[in-house]
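A short write-up of the structure that comes next.
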Amino acid sequence: GPGGVGNVTNNGIWLRAADLNQSNSTPVASWGDISGNGNNGLQTDPSKQPLFLDNSSMNGQPVVRLDGVDDLVEIRDNNMLDGGSGQTFLVVLRPNNLDGREALGILGKRITFTTATDYAYTWFFWTNNRIYADVNTQNNRFHTSNGFSNATNYILAFDFDGSQPSNERTRLYNAGEVIRTSGESSSALIDGNQGLVLGALNKNYRTYLSADYAEVIHYNFSLNDAQHIIVHNYLSAKYNIPLGNNNIYV
């Protein structure tokens, strides 16, 4: 797995824009998953396909650019992506359309906000450009205290550990630092049947995130501190995004 952490049994998604073998500024219909689990990012509608850019402000690395109008990448439902007692997501992205008013999804796995049986989780920018997260519907929604900015490169992470005490089961990270720990009443994720989408809270949502995605990583367990340090250092060195602490591999 990324940085040597994880394997095919627990690294559910590993999307790297650098692995897309296509020409600059061409539409992305399929973003291949290199985790070994075949959880490819797909968009069959040509009008909603993001663009592949072979050079970016993220240390010159390739990115997949979502336009914020209707671009969406979907990963079909897989048992690895929910239904367990833990998970970790990491993304390397550069947002472009944060306005502090609209809910703009980094990713989400639900059908709608009113359908609890399929509402596994969401992770998104919203009020004052803060980052919000839900686990098993929005009953324990939480957010960061600080806002985020457009045209800025970020390494962000969101993890859930149902084995922890209920008041510290969910965490949000920025540049390797925990910036918010919050409570969650559920000790396991529901087993929803919806696909996981990048760029919105769910398919056919009314607002979309405009952002450059360089890398998307998922584990079906909560990484421990050492594993977070290793994966964050891998991403930091590759994309030249300094970490807040534990910046070990430069």
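The values are calculated or read from the model by the stated rules, or taken from the named source; none is laboratory data. In this text the structure is predicted, and so the values were computed from the model without any measurement. Every residue, glycine as well, gets a Cβ built from its backbone with ideal geometry; the counts of neighbours run over all protein chains shown. Areas reflect the complete protein model, heavy atoms only, side chains present, ligands, DNA and RNA absent. Shrake-Rupley method; radii C 1.70, N 1.55, O 1.52, S 1.80 Å.
Evaluated with a Cβ-only charge set (Lys, Arg +1; Asp, Glu -1), the chain carries a dipole of roughly 300 debye about its Cα centre, given to the nearest 20. Modelled spin labels at Ala226 and Tyr249, positioned 7 Å past Cα toward Cβ, are 1.5 nm from each other.
Were the residues from Gln138 through Asn193 laid out at 0.36 nm apart, the gain over their Cα-Cα distance would be 18.0 nm. Computed from these coordinates, which is Kirkwood radius over Cα pairs in Å: (i) 17.7; (ii) 19.8; (iii) 22.1? Here Kirkwood radius over Cα pairs in Å agrees with entry (i). The portion of the accessible surface of the stretch 99-250 made up by carbon and sulfur, rounded to a whole percent, is 46 (1.4 Å probe; DNA, RNA and ligands excluded). On a per residue basis, the chain carries 39 Å² of accessible surface, using protein heavy atoms and a 1.4 Å probe. Mean separation of Cα pairs under 8 Å and 6 or more residues apart, divided by the residue count, gives the stretch 114-222 a relative contact order of 22 percent.
Taken as Cα centroids, the stretch 1-78 and the stretch 159-194 sit 25 Å apart, rounded to the nearest whole angstrom. List the relative contact order of the chain as a percent without decimals, with contacts defined as Cα pairs under 8 Å and 6+ residues apart. That works out to 26 percent.
Spin-label model, Thr181 to Gln22: label points 7 Å out along the Cα-to-beta-carbon direction sit 4.2 nm apart. Using heavy atoms of the protein chains and a probe of 1.4 Å, the accessible area assigned to Asp45 is about 50 Å². Placing unit charges on each Cβ (+1 for Lys and Arg, -1 for Asp and Glu) gives the chain a dipole about its Cα centre, and among Gly12, Ile230, Ser145 the Cα reaching farthest toward its positive end belongs to Ser145. Surface composition of the stretch 1-78: carbon and sulfur atoms hold 43% of the protein heavy-atom accessible area at a 1.4 Å probe. In this label model, Ser47 and Asn59 are separated by 3.9 nm, measuring between points 7 Å along each Cα→Cβ vector.
Considering helices alone, the calculated mean residue ellipticity of the chain at 222 nm is -2000 deg cm²/dmol, with DSSP H runs of length four and up weighted by -39500 (n - 2.57) and normalised per residue.
When nucleic acids and ligands are ignored and a 1.4 Å probe is applied, Ile241 ends up with an accessible area of around 10 Å².
Each residue of the stretch 107-123 was assigned a 3J(HN,Hα) from its phi angle through the Karplus curve 6.51 cos²θ - 1.76 cosθ + 1.60 (θ = phi - 60°); the sequence is 6, x, 9, 6, 9, 8, 6, 9, 9, 5, 5, 10, 9, 7, 5, 9, 8 Hz, with glycine and proline shown as x.
For Ser47, the solvent-accessible surface computed with a 1.4 Å probe is close to 70 Å², ligands and nucleic acids excluded.
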